[in-house]
1. Working only within segment 171-183, note down all residues that are within 16 Å of residue 147 (Cβ to Cβ) and either touching a strand residue (DSSP E or B) at 6+ places or on another chain (Cβ under 9 Å) or buried (at least 19 other Cβ atoms within 10 Å of the Cβ) (or both).
2. Only one of (1) in contact (Cβ under 8 Å) with a residue 60 or more places away in the chain; (2) in a helix (DSSP H, G or I); (3) touching a strand residue (DSSP E or B) at 6+ places or on another chain (Cβ under 7 Å); (4) closer than 26 Å to residue 120 by Cα fails for residue 221. Which number is that?
3. Here's a check for you: in segment 154-170, which residue that is within 14 Å of residue 323 (Cβ to Cβ) and free of Cβ contacts under 8 Å to residues at least 60 places away in the same chain is surrounded by the fewest Cβ atoms within 10 Å (Cβ to Cβ)?
4. In segment 243-260, how many are crowded, with 17+ Cβ neighbours inside 10 Å and in contact with a strand residue (DSSP E or B) (Cβ under 7 Å, 6 or more places away or on another chain)?
5. Given the structure, is residue 269 touching a strand residue (DSSP E or B) at 6+ places or on another chain (Cβ under 9 Å) and more than 24 Å from residue 6 (Cα to Cα)?
6. Would you be able to tell me the number of residues in segment 49-72 that are surrounded by fewer than 18 Cβ atoms within 10 Å (Cβ to Cβ) and assigned to a strand (DSSP E or B)?
7. Residues that are modelled with pLDDT of 90 or more, in contact with a helix residue (DSSP H, G or I) (Cβ under 6 Å, 6 or more places away or on another chain) and under 30 Å from residue 188 (Cβ atoms): list the strands (runs of 3 or more DSSP E) wholly contained in segment 254-367 that include at least 2 such residues.
């Protein structure tokens with residue numbers, strides 16, 4: 001299969017958690033400083049990375065501060081729902097690949113404010129697809145890659161896995177909006193011939209994740225001696241993937257994935273929420289750099305005492321688990337970071353980046 005290459009890659013939502021990690025990954029690939037998977041995914045030196053982000057509460061330009069002066073990096077503060085602004089960037093940079101991360105992504109917020117999710121996740125995606133349909137010659141080397149989630153598949157019982165062929169069964173406004181976006185992207189392939197790929201991924205963890213998500217929330221609440229909220233009985237199960245491994249999978253797909261296909265990206269690493277939280281407590285207790293306000297020895301022995309069970313989330317999916325044989329067998333991708341190693345790296349990152357955390361807190365106050 002012919003490997004696709006691109007000159008001007010548009011990243012939407014590139015100041016968010018996974019988007020920022022992906023941009024760092026791309027530049028590390030250019031500089032040959034990243035461990036690469038499969039057949040050694042790289043992007044060509046001189047490739048331009050164009051980042052468009054609205055910079056809502058979860059989008060943080062500081063996530064990319066170390067590369068903001070790179071001559072091949074361009075940033076625009078734009079809402080993807082603004083068609084004309086997006087068209088200006090699209091034409092100025094002669095975009096030949098879009099990697100579409102931009103989305104409202106927190107389930108709880110989708111329950112309280114569903115309209116934001118409909119606008120960004122559906123209308124925003126529609127705008128991007130229309131730009132591609134209007135300005136791309138589909139015979140050229142172009143690609144629209146949509147970043148999606150395992151939550152579109154709904155909820156699993158105690159056994160079984162989600163496959164690329166699994167029926168969509170979203171249970172929240174968030175997952176319904178992402179399912180809608182997936183269907184739109186697929187429809188533009190079947191109806192108009194737009195070259196697309198889609199990836200559906202399990203829960204990511206690692207640096208730069210907004211602290212409302214489970215793992216950074218637990219780390220920071222332990223550090224600040226605040227209660228750790230656990231929905232229901234804590235038995236809900238999620239599959240966790242190191243964000244760098246997700247980035248390597250995306251790059252592999254945009255280079256080598258079959259046009260019109262979806263690829264599941266999983267960690268094959270299932271954890272009950274309560275067991276994950278207790279593991280973080282254990283790691284935090286072993287961390288010498290941790291500084292508590294109160295008695296150190298007492299707190300190290302009682303991190304778990306912060307666990308507080310709260311009313312379960314409405315429509316809370318019981319279990320997610322993805323089968324990722326397709327991307328492994330077809331594209332040679334694999335996970336490279338085991339969970340305990342990745343979790344320790346994540347804990348250390350949040351403990352060593354106080355300035356980033358304080359700036360996040362200030363940003364929250366603005367929204």
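1. Result: 174, 175, 177, 178, 179, 180, 181, 182.
2. Checking residue 221 against (1) in contact (Cβ under 8 Å) with a residue 60 or more places away in the chain; (2) in a helix (DSSP H, G or I); (3) touching a strand residue (DSSP E or B) at 6+ places or on another chain (Cβ under 7 Å); (4) closer than 26 Å to residue 120 by Cα, the one that fails is (4).
3. By that ranking, first place goes to 159.
4. 7
5. Details: touching a strand residue (DSSP E or B) at 6+ places or on another chain (Cβ under 9 Å): yes; more than 24 Å from residue 6 (Cα to Cα): yes.
Judged against the criteria, residue 269 is a match.
6. Counting residues in segment 49-72 that are surrounded by fewer than 18 Cβ atoms within 10 Å (Cβ to Cβ) and assigned to a strand (DSSP E or B) gives 0.
7. In segment 254-367, 262-265 are the strands (runs of 3 or more DSSP E) which contain 2 or more residues that are modelled with pLDDT of 90 or more, in contact with a helix residue (DSSP H, G or I) (Cβ under 6 Å, 6 or more places away or on another chain) and under 30 Å from residue 188 (Cβ atoms).
Every residue, every condition in (1) under 21 Å from residue 184 (Cβ atoms); (2) under 19 Å from the mean Cα position of the chain (by Cα); (3) in a loop (DSSP other than H, G, I, E, B), yes or no:
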{"site": "91", "(1), (2), (3)": "no, no, no"}
{"site": "129", "(1), (2), (3)": "yes, no, no"}
{"site": "138", "(1), (2), (3)": "yes, no, yes"}
{"site": "144", "(1), (2), (3)": "yes, yes, no"}
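The values are calculated or read from the model by the stated rules, or taken from the named source; none is laboratory data. Because the structure is predicted, anything quoted here is derived from the model rather than measured. Cβ coordinates were reconstructed from backbone atoms using ideal geometry, including for glycine residues, and neighbour counts include every protein chain displayed.
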